[in-house]
Each structure stands twice: as C-alpha cells, then as structure tokens.
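Trainee: First the structure, then my questions, so here it is.
Only the coordinates and a few stated rules stand behind these numbers; no lab work does. Note that this is a predicted model, so its numbers are computed, not measured. Note: ideal-geometry Cβ built from the backbone for every residue, glycine included; neighbour counts use all protein chains shown.
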Amino acid sequence: MVEKEFELHDVVQMKKPHPCGENRWKIIRMGMDIRIKCMGCDHSVMIPRKDFAKKMKKVLEKASN
Ligand SMILES: [Zn+2]
C-alpha cells in the first residue's frame, strides 16, 4: 500500500464529508496533530496525524503546484 503524502496547504478530501455538505479541506497546520479547515464553512478541526492519514481519502490539490 502506498503511503499517503500530504503537506501544508494541500486541499484534501476526507472519507466523511463535513456536516455542512462540503468535502474539501485545507491543511492549515502540520505537526503531531494536523489542523484542517472546511472550505465550505471555515470550521477547523484538529486530528492526530495517524488518524488523519486513515480518515483522509485523497489529495485534491497540491500546494506546491
Ligand atoms: Zn463545513
């Protein structure tokens, strides 16, 4: 299985969409925990890195492009 790669400011899709209906999240902080912000309603959540890797579905937009 390929390890998921992600970096600060990437836009990602999670396995579960936010209750507001949006499923695009921007990574706004990286560390032991990862903070992502819903691009629909600007709500942000903090997720431990290993949980994030499990809950993230895919990267939609790379910050470096
Ligand atoms: Zn939202």
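Trainee: For a quick check: with amide H placed at 1.01 Å from N, whose amide H comes under 5 Å from I34's, ignoring anything fewer than 5 positions away on the same chain?
Mentor: Here I47, R49 satisfy the definition.
Trainee: Now, a different point. Taking θ = phi - 60°, what integer Hz values does the Karplus form 6.51 cos²θ - 1.76 cosθ + 1.60 yield along region 28-38, in sequence order, with x for Gly and Pro?
Mentor: Couplings: 10, 8, 10, x, 4, 10, 10, 9, 10, 10, 5 Hz.
Trainee: Using 0.36 nm times the number of residues separating M30 and A53, minus their current alpha carbon distance, what extension gain do you get? Working shown, then result.
Mentor: Working: separation 23, 0.36 × 23 = 8.28 nm, distance 1.23 nm.
Computed gain between M30 and A53 is 7.1 nm.
Trainee: Something else now. Short version: ³J(HN,Hα) in whole Hz for each residue of region 50-56, in order, from phi by Karplus 6.51 cos²θ - 1.76 cosθ + 1.60 (θ = phi - 60°), x for Gly and Pro, what are they?
Mentor: Karplus values, whole Hz, x for Gly and Pro: 6, 5, 4, 4, 6, 8, 6.
Trainee: Which three extents, in whole angstrom, do the alpha-carbon atoms of the chain cover along their principal axes, largest first?
Mentor: In descending order, the Cα extents are 30, 26, 22 Å.
Trainee: Would you calculate the separation in nanometres between label points at D42 and E61, each defined as 7 Å from the Cα along the Cα-to-beta-carbon direction?
Mentor: My value for the distance between the label points is 1.7 nm.
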